[in-house]
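> Input: one structure, supplied below.
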Amino acid sequence: MSKFWNQLVNVWSKLEIPQKATIVLAGLGFLGLMISLVMTASKPDYRLLAKGLSKSQIAEIATYLESNHVPYNVIDNETAIMVPSANLYKVRNELAQQDMLGDGAKGFEILGKSSSMWESTFSEHKTYDRAVSGELERNFRELNGVRSARVLIDRPQPSPFVSDDSAKPKASVKLDMKPGTRLTDRQIAGIIHLTAGAVAGLSPDRVEIMDGSGLLTPKAADSGAGMAQTTLEAEVARENYLTRKAQEQLDTILGPNRSQVRVSVKLDFTKRTEASSDPTSKVVMEETTNSNNESTESANPGGVAGTAPNVEGESRPTTAPSPLKGTKAKEETTSKYVVGKKSVTQEDEVGRIKGMNVSILLPFKKTTKPKLDDKGKPTDQKEEVVEEYTQAEKDRFKELVLNAIGFNAAKDIATKVENVANLDARFTSSVQSMDLYAAKEELAQAGVTLPLGNLPWTDAIGYGVAGLTALIILGVARGQLKRSHKAWADAEERARLAVEEAERKRAEAKKAEEIATQPGETMVDAQQRVRRQELREAIKQKINDDPAAAAAIVRKWLYEA
């Protein structure tokens, strides 16, 4: 261990001051990065507890979590709350038991709670109104764009000193809308009538609606505007329906996104009735009959029939016979007739199409034809040509589309009902060929998801800056270490060369001492002789190692000589 420490001290002593400072900064940056990673790993993993909450619910849940020493984070513009994953299900169950995670509205369930036997009828009515308000709030919260709702029902206490108008109930509805959304007139009318229908004795004109932008209740009913709105909505719905049918027909033939169809209609909401009578039949209305009986008297021409009046001695009657009477009867009947009336009433269709315009856009078709040469003659090469559809093809497409949406049938009905000979100005259709724009398809690119989704944005930025700083410091340190390593390598190379030079000099000196001089030979001559001997030995060794190369060298030398 001491040897390793001594080596480190030796290396550190050889570094320059900038190199030492760089290494220290790199070490501090690496240490900070490790501390950040450890803190991030030890930080609890927050999970979503509930979302879409109101501010009052957030405050209530936060108070409960603080009382139970549970950490939490409020996110999404104070509409959602997060807790550590270890406490998620426990806290969720506890809040659900206390009705803190619901929509905040309590409906008819509050009627099941026990009440005091001394509770007055007025208090019972107030409790029932609160229950109805809760149910209405739940219904209104289901509307598209409504984030929360509050309903207040004001039902005055019955009193003989209060007028009838003042004793009628009233209702106020406060809606919290999502950003960028607004209720339509039909939705407002539906809220008004739903509220009026849920509260006994409440009329629609005593219901007020308000959202964040102000009062929504129409102060005066405008039948003309309402009718115009209904007419516009009906026309838009009919246009969308017919356009969809026509587009489906063309997509089946040409393919998706290869054509465009637009249908515009004008509807007739006029209500027409027709009545007719049948004068061919008659009915007796009054019949009078007059009867007249007349009696006429006539003299008796003879006596009483029989033998008694004609025999002598027989007594005759003292009274004369009654005269004869004649009877004449006369009867006159008078009848009054009335012409029979048979009425037939026919009502025209409400919302009948009285005008339709159809516009069809077709793309240019691409065909492959032989390429023409300079003289206009076809060649063996093929080329792609963009051209319009022929008139026959356009007529065929138009006929298919018009038959799919019932164009001709609607035109015939309008002609018969209005008794007009020509409706071509209101029923039109056109087909055009154009180069339709097609957006380029964007390819989905793979991405890397970092585990920072649950971190606050301030912490994420801090970690990002710390990581970037650490990377910069490591990059600078890496360059300094490279330069230091190069300096160390150069120093080692210089030391090695110095050692080799010293060894060479020592070897030459030793060899010079070992060389024995011959008689009449100087030391220089002796050294040259030894050098030549070494060269001969080296050449002999090379020839033994590679005879072919040596022979080639000799041949070249002889050739040049």
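> In whole percent, and with a 1.4 Å probe on the protein chains, what portion of the accessible area of the stretch 12-106 is carbon and sulfur? Before the final figure, lay out the partial values.
On the way: 3580 of 6090 Å².
The nonpolar share, carbon plus sulfur, comes to 59 percent.
> Now for a separate question. With a 1.4 Å probe and all protein chains left in place, how much of the accessible area of the stretch 366-414 comes from carbon and sulfur atoms, in whole percent? Before the final figure, lay out each step's value.
Working: 1660 of 3530 Å².
Within the stretch 366-414, the accessible surface is 47 percent carbon and sulfur.
> OK, next. Find which of V24, N6, S56 sits farthest along the positive direction of the dipole of the stretch 1-78, computed with +1 on the beta-carbon of Lys and Arg, -1 on that of Asp and Glu, about the Cα centre.
Most positive-ward Cα: N6.
> Taking 56 Å as R0, compute the FRET efficiency from the Cβ-Cβ separation of A200 and M39 and round it to 0.05. Walk me through the numbers on the way to the answer.
On the way: r = 62 Å, r/R0 = 1.11.
For R0 = 56 Å, the calculated efficiency reads 0.35.
> Moving to a separate point now. Can you tell me how much longer the chain between T217 and E332 gets when fully stretched, taken as 0.36 nm per residue apart minus their C-alpha distance, in nm with one decimal? Mind showing how you got there, number by number?
Numbers: separation 115, 0.36 × 115 = 41.40 nm, distance 7.60 nm.
Result for the pair: 33.8 nm of gain on full extension.
> Multiplying the sequence separation of D99 and I472 by 0.36 nm and subtracting their Cα-Cα distance, what value in nm do you get? All intermediate terms of the calculation are to be shown ahead of the outcome.
Details: separation 373, 0.36 × 373 = 134.28 nm, distance 5.25 nm.
Result for the pair: 129.0 nm of gain on full extension.
The values are calculated or read from the model by the stated rules, or taken from the named source; none is laboratory data. What you are looking at is a predicted structure, and each value in this text was computed from that prediction instead of being measured. Reconstructed Cβ throughout: ideal geometry from the backbone, glycine too, with neighbour counts over all protein chains shown. Just the protein is used for accessible areas: all its heavy atoms, side chains included, with ligands, DNA and RNA removed. Shrake-Rupley method; radii C 1.70, N 1.55, O 1.52, S 1.80 Å.
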